[in-house]
Amino acid sequence: MHFVEPSREVLAETLLAAGPDAPTLCKGWRTRDLAAHLYLRERKAAVGLGLIIKRLAKASDQATARLAAKLTTAEAYAKLVNTFRAGPPALSPMNIKALDESSNLIEYFVHTEDIRRAVDRWAPRALDEAYSEALWDELVKRAAILYRGVDLGIVLVRPSGPRHVAKRALVSVAIVGEPGELLMHAHGRTRHALVTFEGQPDAVALLQSAEVGL
């Protein structure tokens with residue numbers, strides 16, 4: 001099943017419901033900044049590349065800030081969000097299904113939760129089982145990269161039983177949670193992920209102080 005299109009719809013609706021000035025879990029960003037980022041990453045290659053290539057990060061941040069600064073009215077914000085909701089331009093690589101899935105499935109889930117969980121009172125969504133499986137599959141593919149900066153072995157464990165060794169080391173910590181919660185932790189939203197830890201106390205403390213994610 002292809003989950004990116006409904007995930008895009010949920011993210012757009014979450015952005016619209018929050019409005020342009022709501023907080024997010026993305027450091028320094030309000031919802032207008034997040035909306036600008038999502039819009040530009042499908043239309044400006046440098047914006048997307050700026051997340052993974054350090055020398056492009058400054059230009060990416062500047063482009064996002066310039067566009068976000070233009071979203072001064074609810075109408076301008078809603079127009080941009082609805083353009084994002086309509087999908088990428090005809091010639092965008094994101095129209096290739098496999099690339100769309102690998103680039104956006106996790107992106108849209110995490111950013112939806114970046115908005116939902118930035119408030120004091122929130123609850124996790126009840127996710128479709130097939131959707132959770134798809135999130136788990138994508139997490140497994142990139143877990144080693146996301147935890148590369150942690151000086152520990154990392155084992156991701158689902159309450160239903162499946163587990164994945166993300167990184168091997170002499171001392172390991174198991175991170176236990178549903179796929180969506182494990183995703184949030186792996187992408188650096190460690191204080192907003194409903195997970196538990198299994199391991200030596202000093203190892204758990206080291207993990208909780210480590211930099212996780214891209």
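Some observations on this one:
- Residues of the range 9-47 classified as surrounded by 18 or more Cβ atoms within 10 Å (Cβ to Cβ), more than 19 Å from K58 (Cβ to Cβ) and in contact (Cβ under 8 Å) with a residue 60 or more places away in the chain, total: 9
- Single condition I115 does not satisfy, out of (1) in contact with a helix residue (DSSP H, G or I) (Cβ under 9 Å, 6 or more places away or on another chain); (2) among the aliphatic types (A, V, I, L, M); (3) under 19 Å from E5 (Cα atoms); (4) open to solvent by 70 Å² or more (accessible area, probe 1.4 Å): (4)
- Subset tally (residues that are closer than 23 Å to I115 by Cα, open to solvent by 20 Å² or more (accessible area, probe 1.4 Å) and not in a helix (DSSP H, G or I)) for the range 177-214: 9
- Taking (1) under 27 Å from D33 (Cα atoms); (2) more than 15 Å from the chain's Cα centre (by Cα); (3) surrounded by 19 or more Cβ atoms within 10 Å (Cβ to Cβ) in turn, L156 satisfies each apart from (1).
- Residue within the range 192-206 that is under 24 Å from A35 (Cα atoms) and touching an Asp or Glu at 6+ places or on another chain (Cβ under 8 Å) present: yes
- With respect to the conditions (1) touching a strand residue (DSSP E or B) at 6+ places or on another chain (Cβ under 8 Å); (2) open to solvent by less than 50 Å² (accessible area, probe 1.4 Å), L170 falls short on a single one, namely (2).
The values are calculated or read from the model by the stated rules, or taken from the named source; none is laboratory data. The structure displayed is predicted, hence computed values, not measured ones. Note: ideal-geometry Cβ built from the backbone for every residue, glycine included; neighbour counts use all protein chains shown. These area figures cover heavy atoms from the full protein model, side chains too; ligands, DNA and RNA do not enter into them. Shrake-Rupley method; radii C 1.70, N 1.55, O 1.52, S 1.80 Å.
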